[in-house]
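The values are calculated or read from the model by the stated rules, or taken from the named source; none is laboratory data. Since this is a predicted model, take the numbers as computed values, not measurements. Cβ placement follows ideal geometry from the backbone for every residue including glycine, while neighbour counts extend to all protein chains displayed.
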Amino acid sequence: MDLTELSIMTAMSPPARDPPPSPPFCFIIPELPKLCSSRNQMASRRVGFCLSEKKIKRMNLSAFADLCAGHGIDVVEINLSQPVASQGPFNVIVHKLSDVIVEAKHDSQSEQLLSNFQSYISAHPQTVLLDPLPAMTQLLDRFVSYRIMSQLQTTLKGRSICCPPYLEINTRDPSVIQSAVRSRQLSYPLICKTRVAHGSRSHEMSLIFSKAGLCDVHPPCVLQSFVNHGAVLHKVFVVGDDHFTVERPSLKNFPPGPCDRSTIFFNSHDVSKPESSSHLTALDDTMPRLPPPSDDAMVALVRQLRAELGMSLFGVDVIVNLHTHTLTIIDINIFPGYEGVPQFFSSLLNYIESIMEKQGPLLPDRSPQPSQHEEQRPTGGYKS
Ligand SMILES: Nc1ncnc2c1ncn2[C@@H]1O[C@H](COP(=O)(O)OP(=O)(O)OP(=O)(O)O)[C@@H](O)[C@H]1O
Ligand SMILES: [Mg+2]
């Protein structure tokens, strides 16, 4: 039996409370001061945003730029296909280069964009990057992110925080997988997720109910014990030292243990988006509501993750184990959507200002001056 292709991390369990409100899916824009500076006026404090066009629209960056302008901060949409130096200088750069990082592995153009961006960051150490590229890159690989989640069980021992047992799968051989499932004590049903945690395919998952279903596993992927949790997902959104929790629909309970049922294939966005409504999330009305995760446990979890990841803008998906009430971590997300967090803009602005307060004045860029053509400040994100 060759188990070398498979590895596992096991988990433990405990409690939770404090139900978060279900705020609207828009961000509250605090009132602007009367003398708000124009967005085109050159401000001495500058934040660059390097996001896909889709993300720019989704987060309503222009509304955030208006809020920043009222605080004397210039928001610049960085265009990666132009020299970054000609668009700077920047106190802070906020980015979500997940697409580019994933594509750079097999596409030379993306590799070049990423390399130019990295060179700019290395040459401008006074610019604070939210978040560091290596920290983000590790979360794009579920093999790595699940190891991080598992380690949390040890560092947060005594807090009743766990992550479900899982296996890293690199083989298609059902008998090898079956022995690993048994020896590592994973319990049916199993949830199967792709190794790559970014892109539309990464949300295609399956629920496997018995050893017969193991032939539906397509490596490389993660197999994880499914944890009954009353169909409630707690999405924790982190912005620097702040965090906000929002409830979302989630997969319903399934009878524990193997059963004679075919594999269910589903897209995670059909079950855990605010508007999701699916037969997979419908609970029977007699199901009692579980206590929400405890504040103390959430604070400890966020603090520890911030320190371990070295990141400021991320999300954690948490469920509460139906039987043990243990807070169970199932996912960590890079710069999530903050949907349902009306304080997102004010919190992000506060955080950016707190970084700027610790910085000296921006030094003029000493990189070679761009040509007049390049000088025109481009707007718009990169295509994804
Ligand atoms: N171990 C588990 N036990 C029970 N339900 C789970 C488990 N893992 C995932 N789920 C369910 O599947 C959904 C999707 O899982 P996960 O968050 O890992 O996927 P994702 O596609 O990466 O999510 P996101 O949209 O946050 O990027 C969860 O919201 C939850 O409903
Ligand atoms: Mg998730």
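Couple of notes before you dig in:
- Of the residues making up the stretch 267-317, those that are basic (Lys, Arg) and touching a Lys or Arg at 6+ places or on another chain (Cβ under 8 Å) number 1.
- Yes/no for HIS203 being more than 13 Å from ligand 2 (Cβ to nearest atom), within 30 Å of HIS95 (Cα to Cα), modelled with pLDDT of 95 or more and within 20 Å of the chain's Cα centre (by Cα): no
- Of all residues in the stretch 320-337, those that are among the small types (Gly, Ala, Ser) have Cβ atoms under 9 Å from Cβ atoms of residues that are surrounded by 24 or more Cβ atoms within 10 Å (Cβ to Cβ), 6 or more apart or on another chain, in GLY337/PHE237.
- Residue match in the stretch 150-159 (condition: farther than 21 Å from HIS269 by Cβ, small (Gly, Ala, Ser), in contact with a strand residue (DSSP E or B) (Cβ under 6 Å, 6 or more places away or on another chain) and not assigned by TED's automatic domain parsing to the domain that holds VAL100): yes
- Meets criteria (more than 16 Å from ligand 2 (Cβ to nearest atom) and at pLDDT below 95) for GLN369: yes
- When residues in the stretch 115-153 are screened for being more than 16 Å from ligand 1 (Cβ to nearest atom) and charged (D, E, K, R), 1 of them pass.
- Pair list, Cβ < 8 Å and 6+ apart or interchain, from the stretch 150-170 residues that are more than 11 Å from GLN304 (Cα to Cα) and touching a residue at least 24 places away in the same chain (Cβ under 8 Å) to residues that are of a type in the set (Phe, Trp, Tyr) and surrounded by 19 or more Cβ atoms within 10 Å (Cβ to Cβ): SER150/TYR166; CYS163/TYR146; PRO164/PHE226; TYR166/TYR146; GLU168/TYR146
Residue-by-condition table, conditions (1) under 26 Å from ASP296 (Cα atoms); (2) of a type in the set (D, E, K, R); (3) loosely packed, with under 15 Cβ neighbours inside 10 Å:
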position: LEU190; (1), (2), (3): no, no, no
position: ARG195; (1), (2), (3): no, yes, no
position: GLU204; (1), (2), (3): no, yes, no
position: VAL217; (1), (2), (3): no, no, no
position: CYS221; (1), (2), (3): no, no, no
position: VAL239; (1), (2), (3): yes, no, no
position: HIS243; (1), (2), (3): yes, no, no
position: GLU247; (1), (2), (3): yes, yes, no
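- ILE330 within 23 Å of LEU207 (Cβ to Cβ), touching a Pro at 6+ places or on another chain (Cβ under 8 Å) and assigned by TED's automatic domain parsing to the domain that holds THR154: yes
- Reported count of residues in the stretch 285-339, each being closer than 26 Å to THR194 by Cα and assigned to a loop (DSSP other than H, G, I, E, B), is 11.
- Helices (runs of 4 or more DSSP H) lying entirely in the stretch 44-133 (those with 1 or more residues that are farther than 24 Å from GLY340 by Cβ and touching a residue at least 40 places away in the same chain (Cβ under 8 Å)): 98-103, 108-123
- Entry remark, the stretch 314-343: residues being away from ligand 2 (no atom under 16 Å from the Cβ) and crowded, with 22+ Cβ neighbours inside 10 Å number 2 in total.
- The listed residues are THR245, THR263, and the only one of them that is in contact (Cβ under 8 Å) with a residue 40 or more places away in the chain, in contact with a Gly (Cβ under 6 Å, 6 or more places away or on another chain) and polar (S, T, N, Q) turns out to be THR263.
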